[in-house]
1. Please calculate how many Å² of accessible area the protein assembly as shown carries per residue, with a 1.4 Å probe and no DNA, RNA or ligand atoms counted.
2. GNM, chain B, Cα, under 10 Å: largest mean-square fluctuation among B:Val69, B:Val117, B:Val89?
3. Accessible area of A:Thr575, 1.4 Å probe, to the nearest 10 Å²?
4. In nm, what is the difference between 0.36 nm times the number of residues separating A:Ser513 and A:Asn657 and their Cα-Cα distance?
5. Put B:Tyr132, A:Tyr599 in order of accessible area, largest first, 1.4 Å probe: what do you get?
6. Keeping every protein chain in place, order A:His359, A:His641, A:His856 by accessible area at 1.4 Å, biggest value first, i.e. largest first.
7. For chain B, how big is the tail of P(r) above 22 Å, as a whole percent of Cα pairs?
8. Tell me, what HN-Hα J-couplings in whole Hz come from the Karplus equation 6.51 cos²θ - 1.76 cosθ + 1.60 at θ = phi - 60° for each residue of the range A:632-645, using x for Gly and Pro?
Amino acid sequence: MVLLFSVAIVLQFILVSATKVVLDIEGWITPALLSEHGYVIGRMSPLTALLFALLAAAMLLSASVDNGDRGRDRLAQGAAAVVFTVSDTLLVGYWYGAPLLYGGTFTPVAATTSIAFILVSTAFLFESKKALLARWVMSPSVFSRFTRMVIPGTMGIILVVGWVQTSVLTRLRAVDQVLSFTLSALLTACLIGVLAVIVARQVQTAVTRAEGGLRDSEQKLRRFYESNLQGVIYWNMNGQIVDANDKFLQMVGYSREELIAGKIDWVNMTPPEYRVVDEQSVLELRTAGANEKPFEKVYIRKDGTRLPIIIAGTMLDEARLNGVAFVLDITDRKQVEARLARANRALKMLNACNGIAIHADNEERLLKDTCNRIVEVGEYKLAWVGYAEDDEHKSVRPVALAGTDGDYVEHADISWGDNERGRGPTGTCIRTGEIVINRNTSTQLHYDPWHSRATEKGYVSSATFPLCVGDRVYGALMVYSGISDAFDDEETELLAEVANDMAYSAVALRERSARVEAEERYRSTLDSMLEGCQIVGHDFRYLYLNDVAVQQSHISKDHLLGRTMMEVYPGIETTEMFSTLKRCMSNKAPGHLQNEFVYPDGARSWFNLSFEPVPEGVFILSEDITEDRRLAEEAKKYHEHLEELVEERTIELTATNKELEAFSYSVSHDLRAPLRSIDGFSLALLEDYAPKLDDRAKDYIGRVRGASQSMAVLIDDLLQLSRMTRRELHIENVDLTSMAHRVIGDLRQGEPGRPVEFTVMPNLMISGDANLLRIVLVNLLGNAWKFTSRKPMARIEFGKIQKQGETVFIVHDNGAGFDPKYSDKLFTPFQRLHNTSEFPGTGIGLATVQRIVRRHGGRVWAEAEINEGATFFFTLKGIEKP
Amino acid sequence: MKGRSILLVEDNPNDEVLTLRALKKNNIANQVTVARDGQEALDYLLGSENNLPIETPAVVLLDLKLPKVDGLEVLKRMRANASTKFIPVVILTSSREDSDLLNGYLNGTNSYIRKPVDFNQFVEAVKHIGLYWLIFNEVPTF
């Protein structure tokens, strides 16, 4: 666009100059209407437009200049220089009053526009990206100095000559044009001569000084070169180092022969990452001839190691192809810097780790976070924590890890035992409790099992710190660095501090979590206890209550916790319970109390209270014994009442017994007396009035007597039965065998001549009441005797058998027997199974036997068949004697 | 068989008649004095406030169950008194209570006989009493 416009202007310029034809561009692009209405259409000089176009082109070119594209920059600078020169010329035209210079035959360029162009183009020359021209003019070279003097000088000559021409000579109207021109030419020549002399002198001085300085500095440089304080190299832009002092050779490890052979190439010696820095420096040297400031870079020594240096160069020739450079070995400084940086990082890491212990709420988190901070803030490759296990292999269990390669630790299989896998830094550290530092793992022999993997992972140095509780080492913190010779004293000290803090915090957290767990366990135990449990603080505030305690309090838990006992139960301070509690608290000694508690609503409960001092205050165990006490009281009352009752009953029973005794007594006396009268007088009647009585009358009287006599027997038996229940037992050893023999002897005497075979087992000893047992035998053996009376050969046996661990006495006969379906009626008083005419009897005997046996704590029963004999069994609880 | 008298202490009139009949049947001719209660018996034996003792009997047939003063009490008083201390006493009663037997002998009775209901047996018993106490038995005299 600019190009097209410029071409159009140039064409117009040529056209107008040659043909005087005005193209009237304004006219083309302005509507005719405007000029018809009298609007003035301004016209710009084509020259002005051309200058504008040039400036625009210069600016556009400058804007599009890339790094290293010098062509465009030069073009832009040239365009600006053209604008500057043309506008100067225009201004000179005004100054000299020569319209041809500024206007010619067409629209003139205004003087102010010319000045503006001069300013803008000057500004551009100095401000454009590279400002090559300006820089060249301002450079310290002799040529530049010359330029700097000549340009203002010539300008000054033009101004002075112009002023003389227009102001002085023009006033001398008398002087003709030839004179005027001659005078101007003379003046110009004089001024140029003066300027030439000044410039020549200036240049002469500059050149002289430069030459002297060069010599001087060459000498100084030589001395410096030879002093070997610093490395000095002479080099060229081809990359060669053509000369160097011994210091430099020593620094890079090359020999002078190699130098002479041209084997030292500063481009090849520069590692790739420093090439950019080199290029910038070269550019600077090319343009300015010297490095403005020394810069840092690295050379690779002959042995491949890196040499950090600081270097500054300067060009020695105008062509800027050869230069000299000064090289300073900054290895020491770099090391110090690196150490400082590491220490700084370690310090930052320590700070970062400090925060962890405060916020960590569990051990695992703490270890993990610490490892993370060590790696992130401390810029280490790997950090991990291993705990020493007390297992068979004494293995080291990784518990936390941070860093690039976790699997290194996973597959490390480290032990802390004194074996191959335990002689690494971790095992050694745990075994000895000492910090183990490996500045360079590749030189450590005992690192063998892990060496290849560590190298592969880039772990160059390592530090291992013991984690202790008291004197016991329970684990280790391992830190791996990617650089050799890491972990100097300062850094180690800081890391050790991190390790110690972590070890301490981990133990504290472990203990805390154990404590919390135990607390939880105790609490749940307390919660589930059947007794009330509560903890009261030193200010008598309820700190803890289990459900039972809350129940016992008659108040909701929310209203208890955090409040004092005095608030909850006003007036409790005066109770015995409270004073016991206070005593327990102040003496730190347990207390016990059984106490009735009166609730604010008047309810009362008895409590068994135990007070136990605890760190928080006092633990109270309360057991509600109200119900127990009530039951005990009731039982006591009942017991007392029972005794009373027994006493009453005893009295009643005694009275009844007495009454019964009196009754029996009376019966035995008074009931028999009338019978005696009946019998006696019946007999008297028979005896005294026998002749008057016929046989029938005598028979009747005989029946009266028989009846009265049998009634007497009945009365006697009844009395005996009643005596059995009343009589006190006199327990002694009784020989039933001999007793039975005596009874049978009596029976034989009563009925001599009856053939009865009697068998008694010997030694039937028992403890019991002899009199009563005799009655038993009299009755049972008497019955046997009686009911065998019809047998031609009677057989009676008395003995004992063992039945289910019990001694059972047996009386067996081969007599009449009885129908077994009546066997349960046998022992009922007055119950008879046989006719009196068949077998006499009252039916009292077996009832008496049963009473006596029962009074001895035994049982009696019978088995029989009609005419098959009968067997009577009885047991006695008395102690059987062998 | 005439001789010293017999004191029969008996409140039951039927028994009195029967006892007398039994004595008679056994030909015991001794005079029989009947005291119908204990007090009467004591009065007869020891004398009362106004009277001296009437007689010292050869034997006392003593019933136990008596109005006013019972038989045991009479026996005790007799044994406590020197004049009656050695008079043979035969307790003749319906009772066969152990306590009666025991108390009778404890208080110094010479014999204890239960009156049988069968009158023939009673007569037999009285016969033995008469024979023994009135004929064979000797007591110290004052």
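1. On a per-residue basis, 56 Å².
2. B:Val117
3. We get 40 Å² for A:Thr575.
4. 43.7 nm
5. Details: B:Tyr132 115, A:Tyr599 10 Å².
Putting B:Tyr132, A:Tyr599 in descending order of accessible area: B:Tyr132, A:Tyr599.
6. Working: A:His359 150, A:His641 90, A:His856 15 Å².
From most accessible down to least: A:His359, A:His641, A:His856.
7. Taking all Cα-Cα pairs of chain B, the fraction more than 22 Å apart is 32 percent.
8. 4, 4, 4, 4, 5, 4, 4, 4, 4, 5, 4, 4, 4, 4
The values are calculated or read from the model by the stated rules, or taken from the named source; none is laboratory data. In this text the structure is predicted, and so the values were computed from the model without any measurement. Counting neighbours? That spans all protein chains shown, and the Cβs are built from the backbone with ideal geometry, glycine included. Remember, those area values only see protein heavy atoms, side chains included, never the ligands or the DNA or RNA. Shrake-Rupley method; radii C 1.70, N 1.55, O 1.52, S 1.80 Å.
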